[in-house]
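One structure, as structure tokens, below. Some questions next.
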């Protein structure tokens with residue numbers, strides 16, 4: 001039984017070119033579109049394409065190398081080759097052992113173990129810090145989940161260390177003992193001054209409660225006082241006779257105003273000169289004559305004698321009074337009398353607006369004695385009261 005055209009088409013479809021498919025299909029199926037019932041003769045199958053052999057040039061032979069290293073010519077009149085004419089990849093295909101291939105060795109690569117790893121100091125510090133941070137986060141998460149109350153840790157650093165202030169000698173001495181202590185601790189190579197520091201219980205913001213005054217110390221201050229007197233006429237002659245160092249009127253005022261210098265320690269003026277002396281009040285400052293201190297008077301001779309003898313002016317500044325009551329080289333009794341005179345004058349200068357039942361309570365908070373460069377000693381109020389009372393009895397006002 002002859003094969004049908006469709007079967008032949010399917011069998012030969014892989015070998016028939018695309019250009020012949022359409023003509024072959026129309027040839028075998030022509031009878032489907034025409035009234036001709038005759039069967040066409042079978043067509044021979046197409047022949048497969050012929051494959052032509054490809055020839056390659058023979059591979060050149062390796063050159064022969066002589067003992068002196070020179071390469072000989074290849075057989076058959078070929079060109080001479082040397083070992084250096086071949087690359088490494090080409091030398092792999094050479095059969096001749098005369099072409100040597102240099103061996104290449106590579107170091108063995110092994111993955112380092114964790115314990116063999118060398119960690120630097122900085123990296124180790126970072127790793128420890130990171131580990132500590134992770135642990136803290138985990139602990140914080142655990143405390144948050146289980147609601148664990150964390151105890152407060154006391155860190156030793158940073159901390160502030162309070163500097164202990166030198167409280168000094170808090171012991172309260174009797175006046176006689178305090179003077180002895182001051183004399184014993186005055187060890188400088190000059191004659192130090194016995195100083196008194198009084199802390200008053202007065203509000204420094206109230207100007208109407210100021211404390212100021214003057215007192216003539218019985219044994220003087222131990223200093224050479226230079227006195228200037230503003231007077232004219234007979235008063236000026238009395239001042240010179242009493243021992244005043246500088247005496248003048250308008251010419252002295254003009255000299256001080258022009259130069260701005262003062263060559264004296266005390267200043268005394270008569271009532272008639274005060275109106276002109278006030279013009280140089282800024283230059284005189286604390287030395288300006290004052291009637292409360294006894295430096296404005298018509299009895300010029302007496303004022304000069306008191307100033308030379310040891311007239312002490314004191315004034316409160318920031319609720320504290322600082323005065324010098326003689327030299328440490330004075331006798332103990334002389335220093336005691338000077339302290340009593342000052343305390344008595346301090347009580348007389350007590351402001352009237354300071355309402356207190358006692359003479360000292362609320363007025364004198366503390367009283368300290370010291371030398372110029374020595375430690376201070378607190379003096380009891382009872383011993384100060386006795387010294388002031390004894391001075392007032394011997395020299396009544």
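Output needed: percent of Cα pairs per 5 Å distance bin for the range 224-309, bins running from 0 to the one holding the longest distance.
3, 17, 31, 28, 17, 4, 0
Continuing with this model, one more query. For residue 265 and residue 292, what does the FRET efficiency come to when R0 = 30 Å and r is the distance between their Cβ atoms, rounded to the nearest 0.05?
Values: r = 19 Å, r/R0 = 0.62.
That pair, residue 265 with residue 292, gives E of 0.95.
Then there's this: To make sure I understand, if each residue's beta carbon is the centre and we count other beta carbons within 10 Å, what order do 247, 110, 211 fall in, fewest to most?
Details: 247 22, 110 7, 211 19.
Least to most surrounded, the residues fall as 110, 211, 247.
Percent of Cα-Cα pairs per 5 Å bin, from 0 to the last occupied bin, for the range 305-378, please list those.
Per 5 Å bin, starting at 0, the Cα pair percentages come out as 3, 11, 22, 26, 19, 12, 6, 2.
At residue 191 and residue 130, where each label point lies 7 Å from the Cα along Cα→Cβ, what is the point-to-point distance in nanometres?
Distance between the two pseudo-spin positions: 8.2 nm.
Quick one: 354, 113, fewest Cβ neighbours within 10 Å first, how do they rank?
So the residues, fewest neighbours to most, are 113, 354.
Pulled fully out, how much extra length does the chain show between residue 116 and residue 184, if you take 0.36 nm times their separation in residues and subtract their Cα-Cα distance?
16.8 nm
Quickly work out the residue 373-to-residue 322 label distance, labels modelled 7 Å from Cα along the C-beta direction, and quote it in nm with one decimal.
Roughly 1.6 nm, to one decimal.
Could you tell me the center-to-center distance, by alpha carbons, between the range 247-280 and the range 282-322 in angstrom?
Between the Cα centre of the range 247-280 and that of the range 282-322, the gap is 15 Å.
Quick one: if the Förster radius is 30 Å, what FRET efficiency do residue 332 and residue 212 give, using the C-beta to C-beta distance and rounding to 0.05?
According to the calculation, E is roughly 0.55.
A follow-up question, please. Full-extension gain between residue 104 and residue 359, please, as 0.36 nm times their residue separation minus the C-alpha to C-alpha distance.
80.4 nm
Something else now. Quick check for you: which residues of the range 299-326 have the amide N under 15 Å from the point 7 Å beyond the Cα of residue 348 toward its beta carbon?
It comes to 303, 306-307, 310-315, nothing else.
Calculate, in nm to one decimal, what residue 302 and residue 162 gain on full extension: separation in residues at 0.36 nm each, minus their alpha carbon distance.
That pair, residue 302 and residue 162, stretches by 44.7 nm at full extension.
Using a Förster distance of 22 angstrom, determine the FRET efficiency expected from the C-beta separation of residue 279 and residue 315, and round it to 0.05.
0.50
What percent do you get for the relative contact order of the range 224-309 when only Cα pairs under 8 Å and 6+ apart count?
37 percent
Taken together, the values in this text are just the output of simple stated rules run on the coordinates, not laboratory data. A quick note: this is a predicted structure, and the numbers were derived from the prediction, not measured. Neighbour counts run over all protein chains shown; Cβ positions are idealised from the backbone, glycine included.
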